[in-house]
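Accompanying notes for the structure given below.
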Amino acid sequence: VTIRRVDYTPPAFAIDKVELEFDLAPLTTTVTNRMQLRRAPGASARDLVLHGEDLELVRAEIDGKPWTGVQVSTDGLTVSNVPEQPFELTLVTTNRPSANTSLSGLYVSNHNFFTQCEAEGFRRITYFLDRPDVMTTYTVTLRASRADYPVLLSNGNLVETGELPDGRHFARWHDPFPKPSYLFALVAGKLVAREQRIRIRSGEEKLLQVWVEPHDLPKTEYAMQSLVHSIEWDEERFGLPLDLERFMIVAVGDFNMGAMENKGLNIFNTKYVLADAETATDIDFSGIEAVVGHEYFHNWTGNRVTCRDWFQLSLKEGLTVFRDQEFSADMAAAGGSPEAAAAARAARRIDDVRGLRQNQFAEDAGPMAHPVRPDSYVEINNFYTMTVYEKGAEVVRMYQTLFGRDGFRKGMDLYFARHDGQAVTCDDFRAAMADANQRDLTQFERWYSQAGTPHVSATAQYDAAARTFDITLTQGYGPASADAKATQKGPLLIPFAIGLVGSDGKDLPLRLAQDGQVLAEPQTTRVLELTETEQTFRFVDVAEEPLPSLLRNFSAPVIVSYDYTDAQLTFLFAHDSDPFNRWEAGQRLATRALLSLADAAARGDALSLDPEIVAAFGRVLRDSTLAPAFRELALTLPSESYLAEQIEEADPAAVHAARLFFRRALANGLRDDLMAAYEQNRVEGLYEPSAVDAGRRGLKNVALSYLADLDDPDDAAELARAQYDSADNMTERSAALVTLLQIGPSAARAPLDDFYLRFEKEALALDKWFGMQATRRGAPGERVLDDVGALMAHPAFSLKNPNRARALIFQFCMGNAAQFHATDGSGYAFWAEQVLALDAINPQVASRLARSLERWRKFTPALREKMRAALERVAAGVQSKDVREVVEKALAP
Ligand code: ARG
Ligand code: ZN
């Protein structure tokens, strides 16, 4: 069944409050649910229809008397002829936590209980109005064996604890804030907490806890520190305080996603909580900071103000991703000089945009394309997407680009003044931004309703005599699915930041002619507002023909085309004052070369690369005025999957050959510079996950990886082996091992075994061990899939643990393009088998994997046919609506 946004109707009943009692046991848990219900004003329904899944109904009572008018179905419960007046409905149900492998609802992980209710997991716990616009206050009593479950947690404040007969005990929690059911959580088990007390600006003291299994306690310091920073940051930047007496984070090893913002009781994948120097990389540390921030920020953007319905998901997710991006950028920039701060900020921005372009742009061009606010879905869990999250964050960022930080803050203040405690829509957020800044944002609505990535093409005209520079911008969309096309109704309001670069490499002053006036800009970057399909902007008094620097800092999530020559790109790569566009110039230069190399490789022609391009990368590599983090990003080529996406009929083997050729050309051409970068960026002293140290390690390790692509990789092998042996942190150790794997399996054999023995008991480190073998390049003719197959049989492998499945299977299918797309179709057959196996265990995880074939039409005919066969095989055997939606949309004509 397809659920449509236009079919929204308000709930017929309201729940004034709910009391839940849990008798927790792994095989069968009993839930007693007592709800105070009333008809919504104006509603007249005689029957009450509740959601419910995989529940056993034991008893139903209304106002304390058994009620026989109940009808159970596969997706809920209908209670007929309920009283006109407010009434109390009591429902007793059981569910089976240890048999729940979907990790949605109440489940068991390593003998402890956890819940995941977003989006529709609460209905697997009890019958309920499981929709985000039904908000109520919860009182929750947990009862369980004290020996097995000494810790009992739920949302809000702890009001009572005590003993019960037979070695059982209880805890009662009350959450004073009304919330939708998707924010409910409970945790029970053998856990310990790192605690910290902080005083917020109001003077109130708050208790912070990070709960983990006892042996993991030493790995919680960074998460706690990130939580403290998040709380301080949200007060400082947005005036938003922590509103509960205590705030808890709990880590769980079996989790479908990254983390969940349950009110006062965030539940996290261990990957985003646990870290120490030995087991976590710089990237892991920064992921923890970002996700801790993200979930904490949801307390206001998501929890205090929530979504009316799931079509509005980006209301909370786009906004909260934007907030976590800003937080991470501020944290990276903190404490450094203004130049260092700007560089650190730029590195974060580049990273975020790279992710967006690599994954969201592909989504927007494929069969699952949908607007930031989708119009329909079959399974809502399939819409926790890059579009809703990352493109949604770009849409929020555009308000800030248009109105500035202060204007954005005014809009946020108005949003909370209007909507605190409510379940609202993306339109309400846009209205707050518009009203606070006295702007008509009607046209901006199209960012929410149109699917597909907008294209902006630019042409420029310099008139030397008149000293004018005209830039004409044209907007439209590229090829898209029929569904996506149908949403594309008209031009968008695109904030288009531009600078004009002079022949000395410095920015020229900007004087924009507009409505018969000349606007002299104090800054050398101006945000043009493109609102028409085609629009020309005139700069006057332009002393020389400039080189335009377009879409600075990626001011809108669009694809820009402009006819730059290689020499112009080289110039911008060396000089653009906008660090994002400086990086972008290098990427454009590389992408263009890589695509023509791929073309040549596909035709079987000899490959060659212009030495000027190698030289351009060499100059950036050697430029010690540039932050190492920036140089690392500049040296990182677009991925094979991103490149394939740029080609009409992609041949992954040709793309692979092209990228390898380019890397070898850089390695051979810049050998001494790479060696110098390696030596100069060693970080001495105690490991610290700071942005500066991480940047140096990043540059050093990217240099090492290039050196391993020299015709003679012996020096690189020696460096990598020494680095592996002397490493005192995971960043250095894993980078060394990945480089050895790149050189070849025999070079990596001994350290790979060492790594396993060293981290046998460290689940997250072991995930890396699986992952690096799955993403290994493989020699010509070698099948990495054979290793993957063997690793599936390894005693440490389990399909039931999402992190492990992602480490091995997803990494192979999504992170090793050349091997996955092997011409014999073996990768696709493996994919089909694993999607079906996962489908029976965990539909959400299966569905994510299913999506890795959705771009099948982009490939060469031979591959395409094999992919279609694999998709059809899955379509024939699928059980869940999650996977069915994905494969059916992929196969639709
Ligand atoms: N709201 C969570 C976050 O972004 C994600 C939960 C998604 N869960 C799901 N089953 N789709 O922070
Ligand atoms: Zn979120």
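Computed from the coordinates by the stated procedures, all read-outs in this text should not be read as laboratory data. Computed from a prediction, not measured in an experiment: that's the story for all the values here. Every residue, glycine among them, receives a Cβ derived from its backbone with ideal geometry; neighbour counts consider all protein chains shown.
Going from the residue with the fewest nearby Cβ atoms within 10 Å to the one with the most, 254, 605 rank 605, 254. Per the Debye calculation on segment 303-459 with a single equal scatterer at every Cα and no solvent contribution, log₁₀ I(q)/I(0) for q = 0.17, 0.20, 0.21 Å⁻¹ amounts to -1.07, -1.35, -1.42.
The packing ranking, built from the mean of other Cβ atoms within 10 Å per residue, places the peptides 475-485, 257-267, 225-235 in the order 257-267, 225-235, 475-485, highest first.
One chain, two ends: residue 378 and residue 455. Fully extended at 0.36 nm per residue, the span grows by 24.8 nm beyond their Cα-Cα distance.
The residue among 99, 69, 382 whose Cα reaches farthest toward the positive pole of the charge dipole of the chain, with charges on the beta-carbon of Lys, Arg, Asp and Glu, is 69. When each of the peptides 854-864, 559-569 is scored by how many other beta carbons lie within 10 Å of its residues on average, the order from highest to lowest is 854-864, 559-569.
Over the chain, calculate the relative contact order: mean separation of alpha carbon pairs under 8 Å at least 6 apart, over the residue count, as a percent.
Contact order relative to length: 8 percent.
Pairwise inverse Cα distances across segment 107-226, averaged and inverted, put the Kirkwood hydrodynamic radius at 16.0 Å. Relative to the globular-protein estimate of 2.2 N^0.38 Å, the Cα radius of gyration of segment 224-304 stands at 1.07.
Binning the alpha carbon pair distances of segment 731-775 at 5 angstrom intervals from zero yields the distribution 5, 25, 37, 25, 8, 1, expressed in whole percent.
Counting other Cβ atoms within 10 Å, which trypsin sites (Lys or Arg not before Pro) in segment 497-598 have at most 15 and lie in a DSSP loop?
Counting only loop positions with at most 15 other Cβ atoms within 10 Å, the trypsin sites (Lys or Arg not before Pro) in segment 497-598 are 506.
Across segment 755-893, Cα pairs under 8 Å and at least six residues apart give a relative contact order of 19 percent.
Evaluating 6.51 cos²θ - 1.76 cosθ + 1.60 at θ = phi - 60° for every residue in segment 162-173, the Karplus couplings come out as x, 8, 10, x, 6, x, 9, 9, 9, 9, 10, 10 Hz, glycine and proline recorded as x.
Of all beta bridges DSSP finds with both residues in the chain, what is the antiparallel percent, to the nearest 5?
80 percent
When +1 charges are put on Lys and Arg Cβ atoms and -1 charges on Asp and Glu Cβ atoms, the dipole computed for the chain relative to its Cα centre reaches about 1260 debye. If you wrap segment 161-284 in the convex hull of its Cα atoms and look at it from every side, the mean projected area works out to 9.8 nm². Structural descriptor for segment 1-82: relative contact order 24 percent, calculated from alpha carbon pairs under 8 angstrom and at least 6 residues apart.
Reducing segment 703-758 and segment 531-600 to their Cα centroids gives an inter-centroid distance of 37 Å. Straightening the chain between residue 686 and residue 529 buys 51.7 nm, computed as 0.36 nm per residue apart minus the Cα-Cα spacing. Estimated translational diffusion coefficient (Stokes-Einstein, Kirkwood radius over Cα pairs, 37 °C, 0.692 mPa s) of segment 489-532: 277 µm² per second. In a simple Cβ point-charge model (Lys, Arg +1; Asp, Glu -1; nothing else charged), segment 815-893 has a dipole of about 280 debye relative to its Cα centre.
Computed from phi, the 3J(HN,Hα) profile of segment 235-242 under the Karplus parametrisation 6.51, -1.76, 1.60 (θ = phi - 60°) reads 6, 5, 7, 10, x, 9, x, 6 Hz, with x in place of Gly and Pro. The packing ranking, built from the mean of other Cβ atoms within 10 Å per residue, places the peptides 495-502, 315-322 in the order 315-322, 495-502, highest first. Taking only alpha carbon atoms, segment 512-643 gives an Rg to Rh ratio of 1.02, where Rh is the Kirkwood radius. Averaging Cα coordinates gives a centre for segment 121-190 and one for segment 45-61; these two points are 20 Å apart. Which aspartates and glutamates does residue 889 reach when only Cα atoms under 14 Å apart count, and residues fewer than 8 places away in its own chain are ignored? Cα-Cα hits under 14 Å: 363, 364, 379, 483, 854, 872. Inter-label distance, residue 577 to residue 504: 1.2 nm, where each label sits 7 Å from its Cα along the C-beta direction. Pairwise inverse Cα distances across segment 813-889, averaged and inverted, put the Kirkwood hydrodynamic radius at 12.1 Å.
For residue 518 and residue 823, the FRET efficiency from 1/(1 + (r/R0)^6), where r spans their Cβ atoms and R0 equals 60 Å, is about 0.50. In angstrom, the C-alpha Rg and Dmax of segment 77-178 are 15.5, 46. Using only alpha-carbon positions in segment 688-728, the gyration tensor eigenvalues give semi-axes of 22, 13, 4 Å once each is multiplied by 5 and square-rooted (largest first). 3J(HN,Hα) along segment 464-470: 5, 5, 7, 6, 10, 10, 9 Hz, from the Karplus curve 6.51 cos²θ - 1.76 cosθ + 1.60 with θ = phi - 60°, whole Hz, x for Gly and Pro. Per the Debye formula on identical point scatterers at the alpha carbon atoms of the chain, with no solvent, log10 I(q)/I(0) at q = 0.04, 0.08, 0.10 Å⁻¹ is -0.18, -0.76, -1.23.
Please give the residues of segment 804-833, grouped as numeric ranges, whose backbone N is less than 14 Å from a label point set 7 Å along the Cα-to-Cβ vector of residue 840. Answer for this model: 833. For residue 413 and residue 624, the FRET efficiency from 1/(1 + (r/R0)^6), where r spans their Cβ atoms and R0 equals 56 Å, is about 0.80. Once you reduce segment 352-410 and segment 437-481 to the center of their Cα atoms, the two points are 18 Å from each other.
Stretching the chain fully between residue 668 and residue 561 yields a gain of 35.4 nm (0.36 nm per residue, less the alpha carbon separation). Taking all Cα-Cα distances within segment 156-206, those exceeding 13 Å account for 76%.
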